[in-house]
Number of protein chains: 2
Amino acid sequence: MKPTIVFWYEFASTYSYLSAMRIADTAAREDVDVIWKPFLLGPIFKAQGWETSPFNLYPAKGRYMIRDIERIAAARGLPLRMPATFPGNSLKAARLAIAAEPLGATAPFSREVFAAAFGRGLDVSEDAVLTECLIAVGADPDATRAAAAEPQVKAALRANTDAAQAHGIFGAPSFTTSDGELFWGDDRLGAALAWAKKAAPRKS
Amino acid sequence: MKPTIVFWYEFASTYSYLSAMRIADTAAREDVDVIWKPFLLGPIFKAQGWETSPFNLYPAKGRYMIRDIERIAAARGLPLRMPATFPGNSLKAARLAIAAEPLGATAPFSREVFAAAFGRGLDVSEDAVLTECLIAVGADPDATRAAAAEPQVKAALRANTDAAQAHGIFGAPSFTTSDGELFWGDDRLGAALAWAKKAAPRKS
């Protein structure tokens with residue numbers, strides 16, 4: 001019974017990028033397993049009356065966010081380049097990440113997508129960009145894309161988004177523990193891991 | 001030339017409470033001076049179309065905030081009791097904090113107010129509560145209240161709020177450094193102090 005956290009992320013989210021690029025190493029150091037759970041923030045934002053990201057709705061918040069992630073990325077040695085369109089359309093990437101589950105490629109594929117979106121500023125709604133990400137993790141682009149178009153993959157992404165909302169999630173990244181605690185934001189990753197270890201003490 | 005940060009806080013803000021109760025010790029350990037700057041979030045929220053706190057406008061965010069500060073307060077051994085009305089009316093407290101400046105009592109008075117508001121759940125718009133806070137820091141309640149009613153104190157609070165907005169501040173607590181960097185949130189206090197030390201290396 002290893003402690004586990006669920007990592008809820010959205011491919012259009014800058015702070016999800018920060019977490020995606022470090023969660024595997026950080027959690028491994030704490031001996032905590034991570035379940036990668038892509039979801040869509042759009043429907044959740046819409047439910048609270050937002051038609052776009054709060055970083056667009058509130059320009060002061062948006063300007064701050066950019067500077068904040070610049071400082072954090074620099075401190076972590078992480079490349080940072082914002083895509084021309086923010087927030088990007090993350091639907092295809094999220095479906096592909098779910099379709100990559102049977103290959104055990106959800107995490108590495110997701111890292112590729114985040115690196116393309118925020119490390120290189122690419123538009124990850126473009127098929128060519130996603131194809132490169134699939135190839136980089138050894139997934140067959142045509143087969144994975146076909147799988148991503150299946151009704152059960154679409155339903156799984158909707159289920160992730162519904163589950164996020166049911167957990168009280170309102171932003172990304174978020175982390176949940178086996179006892180139902182919710183942590184929001186890249187800056188809460190450490191607290192989430194510590195909580196997970198308390199919640200599920202390892203049997204050995 | 002000791003490094004300095006400006007601590008921008010709002011008496012109705014729960015996360016400002018978290019920072020107010022630790023910033024003196026934390027900054028002293030880093031050998032950084034702190035300028036305490038009370039301001040009002042109300043006009044800033046109003047300017048971006050909010051009539052109340054985002055924690056009220058977005059219930060999921062509000063529920064999360066409570067749980068988040070419960071966990072943090074518990075970890076820090078800090079009492080936590082939410083006042084019946086949130087956000088409270090912080091105008092009187094903010095004016096008194098400014099009126100207490102000539103006495104050198106802004107910081108200790110502010111800690112008293114925060115402790116009353118969020119440590120004991122009291123309504124800090126009540127004169128009796130504020131009187132206790134003034135007495136606790138050795139300030140004469142009548143004299144300080146008279147000073148707080150002077151036009152220059154009212155103008156100073158408006159100036160703090162205008163300056164906060166000009167700095168791009170959109171929430172509390174916020175921290176600014178001598179080279180103009182802005183940090184938002186209790187969880188960025190450490191980063192703000194580290195930045196302040198880089199920005200103004202101590203001459204000795």
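Each reported figure results from applying straightforward, stated rules to the coordinates on display, with no laboratory input. The structure displayed is predicted, hence computed values, not measured ones. A quick note on method: Cβ atoms are made from the backbone with ideal geometry, for glycine too, and the neighbour counts reach across all protein chains shown.
Cross-link pairs exceeding 24 Å in C-alpha to C-alpha distance, out of B:Lys37/B:Lys198; A:Lys37/A:Lys197; A:Lys61/A:Lys154; B:Lys2/B:Lys92; B:Lys37/B:Lys92; A:Lys37/A:Lys154, comprise A:Lys61/A:Lys154; B:Lys2/B:Lys92.
Taking other C-beta atoms within 10 Å as the exposure proxy, B:Leu157, A:Leu130 rank B:Leu157, A:Leu130 from fewest upward. Counting beta carbons within 10 Å around each of A:Asp162, A:Asp187 and listing the fewest first gives the order A:Asp162, A:Asp187. Treating the beta-carbon of each Lys and Arg as +1 and of each Asp and Glu as -1, no other charges, what is the dipole magnitude of region A:1-119 about its Cα centre, to the nearest 20 debye? Rounded to the nearest 20 debye, it is 300 debye. For the pair region A:128-204 / region B:58-87, the C-alpha centres are spaced 26 Å from each other.
As a proxy for reagent exposure, ranking A:Met65, B:Met82, B:Met1, A:Met21 by other Cβ atoms within 10 Å from fewest up yields B:Met1, B:Met82, A:Met65, A:Met21.
The charge dipole of region A:109-165, taken about the Cα centre with unit charges on the Cβ atoms of Lys, Arg (+1) and Asp, Glu (-1), comes to about 200 debye, rounded to the nearest 20.
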